[in-house]
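*Asks:* Take this structure first; my questions come after.
The values are calculated or read from the model by the stated rules, or taken from the named source; none is laboratory data. None of the values given here were measured: they were computed from a predicted structure. All Cβ positions, even for glycine, are placed from backbone atoms using ideal geometry, and neighbour counts span all protein chains on display. We work out accessible area using only protein heavy atoms, side chains counted, and drop any ligands, DNA or RNA first. Shrake-Rupley method; radii C 1.70, N 1.55, O 1.52, S 1.80 Å.
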Amino acid sequence: MLRRQVTTAPDRAPGRLVALEGVDGCGKSTQVARLCRLTGALATFEPGATGLGAAVRRLLLDPELPPVSTRAEALLMAADRAQHVAELVAPTLAAGRWVVTDRFDASTLAYQGAGRGLVLDELRLTVFPVAVGAGERLFGETSDKRPLRLIHTKTVGNGLAHLTYERAREA
């Protein structure tokens, strides 16, 4: 499970992003639905929760279409995640509400990294910042305009990662 805290206006409790990761059929969607029912969080998923994401999903899964290269697949997944964050995740977190998603960035490490053979460090350094702006878009608007930067990535097993961000220090 991957969690990120969002900084919101002082009069709001912070929103949180909780991502459930795991192999196909392990019950992620069931647990997302249960957790959202109990907490009132927004339930979402990757890929395909937005119009762009649905188109990406069709492009990747339609057997009538030509196959997509491994790197193009990773970039399409990053495009889906960027739209997902911009359209659903960031606005919900900025409003102080929690988001529970069926898959997020650890799936990129598992599917495009371990599954498709792309170098994990390359994915962390290229695809992740493009998809979530090194955390900035994920955290919404705050009075603190210092950018967020990724300070630590820890692989915790089976392709899962915990990412830690901090605000940049004043120059």
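*Asks:* Which length gain, in nm to one decimal place, applies between VAL23 and VAL119 when the Cα-Cα distance is subtracted from 0.36 nm times their residue separation?
*Replies:* 32.5 nm
*Asks:* Further question on the same structure: Any idea of the accessible area per residue across the stretch 34-79, 1.4 Å probe, to the nearest Å²?
*Replies:* Per residue, the stretch 34-79 has an accessible area of 62 Å².
*Asks:* Shifting gears a bit: Using mean Cβ contacts within 10 Å as the protection proxy, how do 26-35, 80-89 order, highest first?
*Replies:* The peptides rank, most packed first, as 80-89, 26-35.
*Asks:* Here is a further query. Roughly what would the spin-label model give for ALA55 and ALA72, points 7 Å off Cα along C-beta, in nm?
*Replies:* Label-label distance for ALA55 and ALA72, simple model: 1.6 nm.
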